Amino acid sequence: MTIREIRDIFYNGLWKQDAGIVQLLGLCPLLAVSSSVVNALSLGLATTLVITLSNTGVAAIREFISNEARIPIYILMIAVLVTVVQLLMNAYMYALYLVLGIFIPLIVTNCIILARAESFASKNGIFASALDGIAMGLGLTAVLVVLGGIREIFGQGTLLSGIDLALGEATKSWIITVIPDYRGFLLAILPPGAFITLGMLIAAKNWLNLRAKRKVHGENATITPIEGGCSTAH
Amino acid sequence: MRRTMAKASFYTASNLLFFALVSTALLAWTYELTRETIQQSIEREKLKLIAQIAPPATYDNDIMKDTVQLAADDLLGSDDTTIAYIGRLEGQPSIAVIHAVAPDGYARINLIVAVHHDGTISGVRVVSHKETPGLGDYIEIARSDWITGFNGASLENRKSSEWKVKKDGGTFDYRAGATITPRAIVKAVHKALQYYARHRDELFAAGSPSSSGESAQSAVEGAKQEVVKEKK
């Protein structure tokens, strides 16, 4: 693999094809969970782990599976992988499991994993697929963290609340009270707040894209509302 | 033509079958490999939680060793034998910690309920659950003190109709966005208290403070089985 290809994979995962604000795949469980930075980060990292493993697995077996049966086989693989990761974590990394454990079963329902298996891992080598998993996972994590941060500030007036559950009692002092004596804003915490915030993030990204394009092609250039998109999303 | 189609279908089917078998084997193997370790960590966690809800001042025996095995029961929501921990103070029955399952959450919610001898709740804790993070997980003591709302409740001080969340006309709090979870827990705790009321004497009959162990346990088992028979 050339440096250029690797760079393309990361550019796609983190910006151009970002799973969170461009492909908009399997967001429902993610949106429900991203009500705080710590939850969002936990779910993002768990998803990155699973998507990297599933991409690697699919790339490894892609030569041996029948074309007609590939989707059920991917689903089977992903479900098994998630369950195995959950069991191993529960047994050998119990402290981490207590934090991430409840997020893991949610990931099975996330179709970004299946989408990457179908649109990337089934056509590329093991190494490239693993990298794509990492890039897509990190892209999603970044969006979730921003989303979680905005919702947490508006919803509870804090940042990093609950970090002591993830990293131990000592980190409790990391919690930042952004707005003191805040009474809370329920809408931001509930799923509608997630959709509204996500919509604004997408608008912001499109605005940035448009501005970049107009710099190059002049003032009348336009972009399609969601650039890129993923064929399996339709 | 027909032959090649049949061949292709056969290939696809055997392909699927092969992956199904490999996946099942992998899952079964991992499950076997991790089962014991997982069980141990759950037990360790449970002991920590028991210490939280059964105040040391309420008993002077070794509560972890003074145990009774309870047969599966609808009121406990259990479909397997569970262990109850019995606390005694100067030989007098004082507190019992029983395991209850709330079957109608997102998945089974495992609870432990500590009940004073007089039938008042000393405390409730969630041992394991699969509720939605950020919405239903406020039932964990690490995340919020919601679960302490059960402290002091009993069948006497709350009528049957009050054993519901406030939204359904009861007396227990809930959080907007997640009502199914607290509903399931309130119901399970209520049923556990009913179980306790029915079986209190058997629970504490397990033996004098000094005699715990197999003979006492099997005596209770026997008594329980009779009860089950009578019900049938």
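Annotations
- Screening B:Leu33 on (1) at pLDDT 90 or above; (2) under 19 Å from B:Val126 (Cα atoms) shows it passes everything except condition (2).
- Any hit, the stretch A:44-67, residues being of a type in the set (Phe, Trp, Tyr), at negative phi and more than 15 Å from the chain's Cα centre (by Cα): yes
- Single unsatisfied condition, A:Ser54 versus (1) surrounded by 20 or more Cβ atoms within 10 Å (Cβ to Cβ); (2) farther than 30 Å from A:Tyr182 by Cβ; (3) in contact (Cβ under 8 Å) with a residue 12 or more places away in the chain; (4) within 12 Å of another protein chain (Cβ to nearest Cβ): (4)
- Filtered residues of the stretch A:30-44 (kept if under 15 Å from A:Gly193 (Cβ atoms) and part of a helix (DSSP H, G or I)): A:Leu30, A:Leu31, A:Ala32, A:Val33, A:Val37, A:Asn39, A:Ala40
- Residue match in the stretch B:166-175 (condition: of a type outside the set (Ser, Thr, Tyr), within 16 Å of B:Gly123 (Cα to Cα) and in a loop (DSSP other than H, G, I, E, B)): yes
- Single unsatisfied condition, A:Ile112 versus (1) closer than 29 Å to B:Lys7 by Cα; (2) touching a helix residue (DSSP H, G or I) at 6+ places or on another chain (Cβ under 6 Å): (1)
- Every pair of residues 6+ apart whose Cβ atoms lie under 7 Å, when the first sits in the stretch A:1-27 and is in a loop (DSSP other than H, G, I, E, B) and modelled with pLDDT of 80 or more while the second is small (Gly, Ala, Ser) and surrounded by fewer than 23 Cβ atoms within 10 Å (Cβ to Cβ): A:Gln17/A:Gly228
- Matching residues in the stretch A:57-80 - criterion: being part of a helix (DSSP H, G or I), at the interface with chain B (Cβ under 9 Å from one of its Cβ atoms) and among the hydrophobic types (A, V, I, L, M, F, W, C): A:Ile61, A:Ile73, A:Leu76, A:Met77, A:Ala79, A:Val80
- The set of residues from the stretch B:88-112 being modelled with pLDDT under 90 and small (Gly, Ala, Ser) comprises B:Gly91, B:Gly105, B:Ala107.
- Any hit, the stretch A:106-116, residues being at pLDDT below 85, out of contact with any strand residue (DSSP E or B) (no Cβ under 8 Å at 6 or more places or on another chain), under 23 Å from A:Gln17 (Cβ atoms) and more than 14 Å from chain B (Cβ to nearest Cβ): yes
- Selection count, the stretch A:93-105, where residues are without any contact (Cβ under 8 Å) to a residue 40 or more places away in the chain and facing chain B (nearest Cβ under 7 Å): 3
- Listed by first and then second residue, the pairs linking a residue in the stretch B:40-66 that is more than 22 Å from B:His117 (Cβ to Cβ) to a residue that is assigned to a helix (DSSP H, G or I), with Cβ atoms under 7 Å apart and 6 or more places separating them unless they lie on different chains, are B:Ser41/A:Tyr94.
- Given (1) modelled with pLDDT of 85 or more; (2) assigned to a loop (DSSP other than H, G, I, E, B), number of the condition B:Gly207 does not satisfy: (1)
- Residue in the stretch A:192-205 that is within 14 Å of another protein chain (Cβ to nearest Cβ), within 22 Å of A:Lys16 (Cα to Cα) and of a type in the set (A, V, I, L, M) present: yes
- The lone exception for A:Val84 - which of (1) facing another protein chain (nearest Cβ under 9 Å); (2) under 29 Å from A:Leu41 (Cβ atoms); (3) at pLDDT below 85; (4) over 20 Å from the mean Cα position of the chain (by Cα) it fails: (3)
- Selection status of B:Ser161, in a loop (DSSP other than H, G, I, E, B), surrounded by fewer than 18 Cβ atoms within 10 Å (Cβ to Cβ) and of a type in the set (Gly, Ala, Ser): no
The values are calculated or read from the model by the stated rules, or taken from the named source; none is laboratory data. From a predicted model like this one, the values you see are computed outputs, not experimental measurements. Every residue, glycine among them, receives a Cβ derived from its backbone with ideal geometry; neighbour counts consider all protein chains shown.
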